[in-house]
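Here the structure comes first, spelled out in structure tokens, and everything after it is commentary.
What follows draws every value from the coordinates through simple rules; no lab data is involved. Just so it is clear, the structure is predicted and the values come from calculations on it, not from any experiment.
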Ligand code: DX5
Ligand code: ZN
């Protein structure tokens, strides 16, 4: 399906040859590169930060889709903008000032996204949807790659699709966690337009390009 955008998560890449992995993903048709920033507080794990975004900026030609799994993300928005992020997504649960953070991301000239965890009511999107470019529905609990897709995400996705149609059809719905060719198809059918995938792209059964092709499925 050529209309589906795929954002490989470099969390699952081989960090000893990160540049090469980005080039492989782009050659295979990756639309964005997804960068998972974890602070060991909002989520239990620590992953990567500004210096990795800077390094990716030097090799990537597609947009860097930066997913901030950090508390008080507003403290770092400018730094990630300077480091070369194109999209900045903050978590609804990570700040009492999601609205302000989204305005700030736009002022910095980037595309703002809001993410919600599997246990967070979709109502969090409502007051913010008009200002968003990306609505990120987590399909696992954030913190680690390689987890299983949570099936209860599908009815939530259908509901979010309705909300987006009503309030801001221009906003893209992105799903993240446990996306493989099978769950990708279910998510696209339920209204997702952007698929984040780590393990199934970089640790999948075939080459990065073939794994990406499998995720895209048929039109
Ligand atoms: C989870 C991250 C995801 C993760 C996806 O906290 O936000 O982006 O890298 O990895 P897979 O595709 O392996 O579930
Ligand atoms: Zn992510």
Would you mind calculating the relative contact order of the range 1-129 from Cα pairs under 8 angstrom and at least 6 residues apart, reporting the percent as a whole number?
19 percent
Whole-Å distance, taken between Cα centres, linking the range 163-184 and the range 58-113:
19 Å
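Using Cα pairs closer than 8 Å and at least 6 residues apart in sequence, work out the relative contact order for the range 69-136, in percent. If you can, show how the numbers build up before the last one.
Values: 93 pairs, mean separation 21.4, N = 68.
Averaging sequence separation for qualifying contacts and normalising by length gives 31 percent for the range 69-136.
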Rounded to the nearest 5, what % of the DSSP beta bridges within the range 2-69 are antiparallel ones?
10 percent
Once normalised by the length of the range 72-219, the mean sequence separation of its alpha carbon contacts under 8 Å that are 6 or more apart gives a contact order in percent of 17 percent
Counting only DSSP beta bridges with both partners in the chain, the antiparallel fraction in percent, to the nearest 5, comes to 5 percent
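Helix-only estimate, please: 222 nm mean residue ellipticity of the chain, summing -39500 (n - 2.57) across DSSP H runs of length 4 or more and dividing by its residues, to the nearest 500. Display every interim value, and only then the final one.
Values: 8 runs with 75 residues, N = 219.
Value at 222 nm, helices only, nearest 500: -10000 deg cm²/dmol.
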